[in-house]
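The structure appears below as structure tokens.
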Amino acid sequence: MSELKQQQKQFLEDNPYVGVVTTLRQDGSPHSTIVWVDVENGKPSFNTALGRAKPNHLQRDPRASLLVVDPNDSYRWVAVSGHAELTEDGADAQIDKLAKKYLGKDEYPWRKATETRVKVLIDPEKVDASGFDN
């Protein structure tokens, strides 16, 4: 097991930088998409909706990786890989928090009544980073 260092946590929490999350398709091939990034209890997190590819992949194979690169300095980045945990608890509040961080809006503007939001937390098993003091 590994964990994010304080500077890495702050980098992920404080900056509205998108991340690239990679999950594994049924055939084992990688599936990468852009996500908004949060940190909860030291674990990197993102939000999605049930029925989409990411939660479907993770329910079958919980391995995931997340890479966030500073758009102003491509040599400053954090990469985390580990097993993902999916929960609906707090997922609606999280997507509103992320809308504030990334869009400056108090509520997620594209919410659909038919959608069930899900929070994904990655338990860091490996953390790689560049551009940090520690």
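A few points about this structure:
- Options Ser81, Ser45, Ser65, Ser2; residue that is surrounded by 13 or more Cβ atoms within 10 Å (Cβ to Cβ), small (Gly, Ala, Ser) and part of a loop (DSSP other than H, G, I, E, B): Ser2
- Selection count, the stretch 87-111, where residues are in a strand (DSSP E or B) and either among the acidic types (Asp, Glu) or open to solvent by 50 Å² or more (accessible area, probe 1.4 Å) (or both): 0
- Residue pairs meeting the criteria (Cβ under 6 Å; at least 6 apart or on separate chains; first at negative phi, in the stretch 68-92; second open to solvent by 80 Å² or more (accessible area, probe 1.4 Å) and at pLDDT 95 or above): Ser81/Lys126
- Pairs with Cβ under 8 Å, 6+ apart, first in the stretch 5-30 and of a type in the set (Gly, Ala, Ser), second assigned to a loop (DSSP other than H, G, I, E, B) and at pLDDT 95 or above: Gly19/Trp36; Gly19/Val37
- Looking at Asp61, Asp96, just one residue is in contact with a strand residue (DSSP E or B) (Cβ under 7 Å, 6 or more places away or on another chain), free of Cβ contacts under 8 Å to residues at least 40 places away in the same chain and more than 16 Å from Asp128 (Cβ to Cβ), and that residue is Asp61.
The values are calculated or read from the model by the stated rules, or taken from the named source; none is laboratory data. Remember, predicted model here, so these are calculated numbers, not experimental data. Every residue, glycine among them, receives a Cβ derived from its backbone with ideal geometry; neighbour counts consider all protein chains shown. Note: areas computed on protein heavy atoms with side chains; ligands, DNA, RNA excluded. Shrake-Rupley method; radii C 1.70, N 1.55, O 1.52, S 1.80 Å.
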